[in-house]
Each structure stands twice: as structure tokens, then as C-alpha cells.
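Novice: Dumping the structure here so I can ask a few things about it.
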Amino acid sequence: MPHLRIASVNVNGIRAAVRNGMHRWLDEAGIDILTVQEVRAQDEHVEAAFPGWSILHDVATAKGRAGVAVVSREPAVASRTALGADDFDSAGRWLEADFVLGSVPLTVVSAYVHSGEADTPKQIEKWKFLDAMEQRMSQLGADGALALVTGDLNVGHRPLDILNWRGNVKKSGFLARERAYFDRFLGVAGEPVVGQEGIGRGMVGQLSDTRPYAPEGGGTGLGWVDVGRATHGEVDGPYTWWTMRGQAFDNNAGWRIDYHLATPALAERATGYHVARAVTYAERWSDHAPVVVDYTY
């Protein structure tokens, strides 16, 4: 059955990734669409990194920071970068590209959520981004659409997604409120979200802002599917990020923070999910590994 192979990866700087061997993987991976995060470069650098590919690239406001791209064998038919209110700066963090899967429209998003930092203004920006992302996903997922949000979303949804989750419950990336967003993204469409029991119970927020929330859930499910978790079930990982420090990679002490979130109609077409983890530390070209999925048509 014909398929479209879509991969997503945070390259931790496209120029460094190319120097460190990204093309060795890319030349053999058979990718049709690649979504890229933390590009940290200008258009000419992305063009040099992907000769012969069709390129969409959104540069961050701050030079050398963030940046997302969608590169593809066939050009997208349309693209968008707007996210959230007009006064919210999402540049370099959200890029939508429209393709055709068989004869059906398909939207692919490259997203790079803020890393955040608990109890600082950086976390407030992360809340704003997650709010805008939730609203946009409710629109993208309407009416049985084929849509896919990929990227470094900088949140481990469940304890299965972080090896040392107990040591991170008060840190950005595994805060109760952050995980509650994913409870809603992945909750049954239109039904109240219960959320995760026993983690963060009774917490009322990591910052003293004015937006109330229920750490074990609250709100309404959007019905999206975490393709990685749907594929692997109730197992640890598979992780997608390991710090470059110490022995984290060799010990597989990682986080699963890079996702393919698909609408149900697209998730039904997903096959072959895998994390393209480097064989050895020396062969790594980013601190993240590509997440690869085939979508049949």
C-alpha cells in the first residue's frame, strides 16, 4: 500500500546537525516530509542543508533561537505561521503546511513549544503558547480532517515518558498543568477530561496567574491521538531526547517529548512508528532523535 513517510526532529541547530552527520541518516531514511525544530539559522542555511527539497521556514524573532521548518519532496500547496492573538509572538515555533494524501487534504505542523522554566516569565510564555496551540488544534481537528502536529513539544505527558519522572514533577516539562493540556489534546472528543490520577493532586498552579485549571484534568477532550503511545502501548518511552551531559544516552535516561499527534482519521493510517535513535553516542548529530511514521493512502 502506498504511504507518505513523515519524520520530525529537533536538530539543535541545522548547521551543527549537518556538520555532525545528519545527511548520513537522511540519505537512507526515505523521508517524504521532514518537520524540523530549533533550526536556529537563516533561509540560506536551510537551503544549503536541504538541496533539492521544497522548503518552508519560519525564523524566530530572536536571531539564532528557535526556528521551525517543513521540507518535502513535493511542495506544499499552502502554508501558515499565525498562531494565537496578534500580540503573541509565535515566530519560529509554529508552521502549518498543506499537502494532499492520496486525494484528501492533509495539514502537517512543525511545532516547537517553549522549554519554559517553572516560576519564571519563561513559563508564562509557555502557557500562552499551549493555550494558543489548544485552540488551534480544536480547529484543525474539526470535521474528520487529516491533520498532524509534530515536533518538540517539550512536555512529557505521562510517567512512562520520562525515566526519572519523580524528580521532575516540579520542573518545566512535567508540571501537572502542562500535562493537563495533553490530557485535553488526547481526551475523547467532546467528553469531559478526567486526567491523570495521583500525580500533582491538589496543586493549584506553578505560577500565580489568573487562569484556573484542574491538575488532574478539566475541560473537554479534543480527540487527537498520540501515535507513539498508541503504537507502543504501556511501556517506558521510547524516548526521543537525552541530555548531552553524562551517561544519559548510554543509560537510556531520556524523555519522550517529540510527538506525532494525529487526528483520528489520520491515526488510522499510521504504520511503522519508530524513533531513529543513533546506535552510539558518537553517531549522534542532535540531542534529539527523529520520530518517523508512515501514513498510508
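Novice: Highest GNM mean-square fluctuation, the chain, Cα pairs closer than 10 Å: which of E191, E178, E28?
Specialist: E28
Novice: Among I55, I31, V11, whose Cα sits farthest toward the positive end of the charge dipole of region 1-60 (+1 at Cβ of Lys/Arg, -1 at Cβ of Asp/Glu, about the Cα centre)?
Specialist: So the residue we want is V11.
Novice: Then there is this: Would you work out the charge dipole size for region 81-144 about its Cα centre, treating the Cβ of every Lys and Arg as +1 and the Cβ of every Asp and Glu as -1, and quote it to the nearest 20 debye?
Specialist: Computed charge dipole of region 81-144: roughly 160 debye.
Novice: Most mobile of H274, H23, H157 per a Gaussian network model of the chain (Cα springs, under 10 Å)?
Specialist: Answer for the Gaussian network model of the chain: H23.
Novice: Rounded, prolate or oblate: which fits region 33-91 when a ≥ b ≥ c are the square roots of the eigenvalues of the alpha-carbon gyration tensor, with rounded for a/c under 1.5 and prolate only if a/b beats b/c?
Specialist: Verdict is oblate for region 33-91.
Novice: Here's a follow-up. Per residue of region 219-226, what does 6.51 cos²θ - 1.76 cosθ + 1.60 with θ = phi - 60° give for ³J(HN,Hα)? Whole Hz please, x for Gly and Pro, Karplus curve as stated.
Specialist: Going residue by residue, I get x, 10, x, 9, x, 6, 10, 7 Hz, with x marking Gly and Pro.
Novice: Okay, helix-only estimate at 222 nm for the chain: each DSSP H run of n ≥ 4 adds -39500 (n - 2.57), divide by all residues, round to 500 deg cm²/dmol; what do you get? Walk me through the numbers on the way to the answer.
Specialist: Values: 7 runs with 62 residues, N = 297.
So the calculated ellipticity at 222 nm is -6000 deg cm²/dmol.
Novice: Further question on the same structure: L106's amide H: which non-local residues (gap 5+, or another chain) put their own amide H closer than 5 Å, with H modeled 1.01 Å from N in plane and none for Pro or chain starts?
Specialist: Those lying under 5 Å, H to H, from L106 are F99, V100, L101.
Novice: In the Gaussian network model of the chain, springs joining C-alpha atoms below 10 Å, which of R24, R256, R284 carries the largest mean-square fluctuation?
Specialist: In this elastic network of the chain, the residue with the biggest mean-square fluctuation among R24, R256, R284 is R24.
Novice: So, one more: Got a sec to turn the phi values of region 252-264 into Karplus ³J(HN,Hα) couplings, 6.51 cos²θ - 1.76 cosθ + 1.60 with θ = phi - 60°, whole Hz, x for Gly and Pro?
Specialist: Result, rounded to whole Hz: 6, 8, x, 10, 9, 10, 10, 10, 10, 9, 10, 5, x.
Novice: So how strong a dipole does the chain carry about its Cα centre when Lys and Arg Cβ are +1 and Asp and Glu Cβ are -1, to the nearest 20 debye?
Specialist: Approximately 680 debye in magnitude.
Novice: Just want the answer: with Cβ charges of +1 for Lys and Arg and -1 for Asp and Glu, which residue in F99, G167, A118 is farthest toward the dipole's positive end in region 97-170?
Specialist: G167
Novice: If you take the square roots of the eigenvalues of the alpha-carbon gyration tensor of the chain and sort them as a ≥ b ≥ c, do you get rounded (a/c under 1.5), prolate (a/b over b/c) or oblate?
Specialist: rounded
Novice: Can you order the peptides 224-230, 83-89 by their average number of other Cβ atoms within 10 Å per residue, highest first?
Specialist: In descending order of packing, they fall as 224-230, 83-89.
Novice: Among the DSSP beta bridges whose two residues both lie in region 51-209, what percent are antiparallel, rounded to the nearest 5? Don't jump to the answer; show the numbers that get you there.
Specialist: Working: 16 of 23 bridges.
In region 51-209, approximately 70 percent of DSSP beta bridges are antiparallel ones.
Novice: Find the accessible area per residue for the chain; the probe is 1.4 Å, ligands and nucleic acids are left out, and the unit is Å².
Specialist: 44
Novice: Assign one of three labels to region 1-79, namely rounded, prolate or oblate, based on the Cα gyration tensor with a ≥ b ≥ c the square roots of its eigenvalues; rounded applies when a/c is under 1.5, prolate when it is not and a/b is larger than b/c, and oblate otherwise.
Specialist: Taking the square roots of the gyration eigenvalues as a ≥ b ≥ c, region 1-79 is oblate.
Novice: Let me ask another. Report, in order of residue number, the helices in the chain meeting two criteria: a C-alpha extent of 27 Å or more along the helix axis, and a mean Kyte-Doolittle hydropathy of at least 1.6; treat each whole DSSP H run as one helix.
Specialist: none
Novice: Now a separate question. In the chain, what percent of the accessible surface is made up of carbon and sulfur (1.4 Å probe, ligands and nucleic acids excluded)?
Specialist: Working: 6540 of 13030 Å².
The C+S portion of the solvent-accessible surface of the chain is 50 percent.
Novice: I'd like the antiparallel share, as a percent to the nearest 5, of DSSP beta bridges with both residues in the chain.
Specialist: Here the antiparallel bridges make up roughly 75 percent for the chain.
The values are calculated or read from the model by the stated rules, or taken from the named source; none is laboratory data. If you're wondering where the values come from, they're calculated on a predicted model, not measured in any experiment. Cβ: placed from backbone, ideal geometry, glycine included. Neighbour counts: every protein chain shown. Remember, those area values only see protein heavy atoms, side chains included, never the ligands or the DNA or RNA. Shrake-Rupley method; radii C 1.70, N 1.55, O 1.52, S 1.80 Å.
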